[in-house]
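In what follows, a single structure is set out as C-alpha cells and then discussed.
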Amino acid sequence: MIADNDILESLQQQVQEAAARNTPLRLVGGDSKSFLGNSDNGEPLSLAAHRGIVNYEPKELVITARAGTPLRDIELTLAAQQQRLAFEPPHFGDGATLGGTIACGLSGPARPYAGSARDFVLGVRMLNGRGENLRFGGEVMKNVAGYDVSRLMCGAMGTLGVLLEISLKVLPGPEREITLVQERTPEEAIRVVNAWAARPIPLTASCYDGLHLYVRISGVAEAVAAGRDLVGGTELPDSDTIWQDIREHRHAFFDSTRPLWRLSLPPRTAPLALPGKELIDWGGAQRWLLSDAPGTSIRRIVAEHGGHATLFRRGVEHERFHPLSDALLKLHQRLKQAFDPVAILNPGRLYPDF
C-alpha cells in the first residue's frame, strides 16, 4: 500500500509539473458528477487514492477526511454515532467522494432549513495552481478577519485548488422524523410552506410534484407531534424514500431525455410561465425544470424574478451556469488569478473564460 505522504507528494509533484508545462489538469474523484458544468479536457489528476478519515470527534461534532474518501464511508461512520451531514449531499453514483461533494457545493432537501454545504465547512487543506500545500480554517467555528477561503472552495468546481482534506461540522440525527403529504395547487403549496417556515415547526424538507405537497418534520418527539397537528395531511409510511429519490434524481419526475434546468429563486416567487414540467423543491427556492425552451428565454424569465438558472443535465448550451455580471466576472477572474495563475486547474469548468 502506498503511504499517505507518498500520495500527497505525488499529487503535489503532478500539479507543479503541470504548472511548469502550462498543462491543464482535470481533477477526478469518483467521477460521479462529471456531467455537472462545462466539459474540460485536461490531463486527469486522480484524488481517489487520497482517502481516509483523518480525525473524528463525535463529542465535538467535527469530522476531517481526505478528499478521495467515499461519501458513503463518511455517512456510515457518522450514522454509527447517530450523527449525520446535515446538508444531505446528493451522491449521484456509488463513487461519490467528499472532495467532489464540497467542490460541487451541492446540498439536499434540508438545505433551506439546516444550511448549505458551505455553511458546514470549517477548514480545508489544498494545493493551489502552483502546487503549494496550503491550509485554511480549522476544526472549530469561529469568526476571523479576512476572507473565509475554506468556504470559498465550496462550489468552485476545483477551479481554485485541489482539495486534499476537508473539516466539516456534523449534527446529531433527529429523535423522530415523519413526512406528511397533501394535495395542493402550485400557488397553495408555495404559500403554505413559506407560512409554515415562519412558525415554530421543525420543518426539514418540502417538495411539490405538481399535485402533492410533501413536508418532512424532524426533531424531538413532542415537537414533531405538534408540527404534525399544525401541518396536517397523511403520514407516509416510509419517510426516507421520497427524499432520497428527489435528492438522487431517482424520482419519476427526472425520468426524461429533455434538458434539466435548476432554477434558484426567492422562495415566495409564484409559479413561472415557463414551458415544460416543473418540480418545486426547497420551499420554492429551488425549482427543477424539464424543458426544450431556449436557454436565453429561461434565463431571462428567471432573472426577471430575481433568480438564476443552471443547465444541470443534458442540453447544448454554451454556458451551463447563469452568465455573471461584469462585476462578478471580474471578481471570479481575480480569484482565479490569485489561486491558479497559470489557469491549469479545471479550466473552463465553471465559465469558458477561466
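Things to note:
- Segment 14-73, residues that are acidic (Asp, Glu), in contact with a strand residue (DSSP E or B) (Cβ under 8 Å, 6 or more places away or on another chain) and at pLDDT below 95: ASP40, GLU43, GLU57
- Pick from segment 148-173, criterion farther than 16 Å from ARG334 by Cα, among the small types (Gly, Ala, Ser) and within 17 Å of the chain's Cα centre (by Cα), ranking: modelled with the highest pLDDT: SER167
- Verdict on GLY210 being buried (at least 22 other Cβ atoms within 10 Å of the Cβ), outside any helix (DSSP H, G or I) and in contact with a Lys or Arg (Cβ under 8 Å, 6 or more places away or on another chain): no
- Filter result for GLU248 (in contact with a His (Cβ under 9 Å, 6 or more places away or on another chain), of a type in the set (D, E, K, R), under 29 Å from MET157 (Cβ atoms) and modelled with pLDDT of 95 or more): yes
- Single match in ALA225, ALA303 (criterion: in the same structural domain as GLY210 (by TED's automatic domain parsing) and hydrophobic (A, V, I, L, M, F, W, C)): ALA225
- From the options ASP40, ASP6, ASP31, residue that is free of Cβ contacts under 8 Å to residues at least 60 places away in the same chain, more than 22 Å from ARG118 (Cβ to Cβ) and either part of a helix (DSSP H, G or I) or not assigned by TED's automatic domain parsing to the domain that holds SER206 (or both): ASP6
- Of the residues screened, GLU235 is one that is in contact (Cβ under 8 Å) with a residue 12 or more places away in the chain and surrounded by fewer than 18 Cβ atoms within 10 Å (Cβ to Cβ).
- From the options ARG84, ARG111, residue that is surrounded by 22 or more Cβ atoms within 10 Å (Cβ to Cβ), under 21 Å from ILE246 (Cβ atoms), of a type in the set (D, E, K, R) and modelled with pLDDT of 95 or more: ARG111
- Taken over segment 91-115, the residue count meeting the criterion of being of a type in the set (Lys, Arg) and within 16 Å of ARG250 (Cα to Cα) is 0.
- So ARG287, is it in a loop (DSSP other than H, G, I, E, B), under 30 Å from PRO323 (Cα atoms) and either out of contact with any strand residue (DSSP E or B) (no Cβ under 8 Å at 6 or more places or on another chain) or at pLDDT 95 or above (or both): no
- Extreme residue, surrounded by the fewest Cβ atoms within 10 Å (Cβ to Cβ), among residues of segment 43-65 that are touching a Leu at 6+ places or on another chain (Cβ under 8 Å) and touching a residue at least 60 places away in the same chain (Cβ under 8 Å): LEU61
- Residue match in segment 169-177 (condition: over 18 Å from ALA114 (Cα atoms) and either β-branched (Val, Ile, Thr) or surrounded by 19 or more Cβ atoms within 10 Å (Cβ to Cβ) (or both)): no
- Single residue of THR269, THR257 found to be among the polar types (S, T, N, Q) and farther than 25 Å from ASP40 by Cβ: THR269
- Test result for ALA273, within 18 Å of the chain's Cα centre (by Cα) and more than 12 Å from ARG258 (Cβ to Cβ): no
- Residues that are surrounded by fewer than 18 Cβ atoms within 10 Å (Cβ to Cβ) and either among the acidic types (Asp, Glu) or more than 19 Å from ARG26 (Cα to Cα) (or both) within segment 339-353 comprise just one, ASP353.
The values are calculated or read from the model by the stated rules, or taken from the named source; none is laboratory data. Predicted model, so just to flag it, every value in this text is computed and none were measured. Note that we place each Cβ from the backbone using ideal geometry, even for glycine, and neighbour counts take in every protein chain shown.
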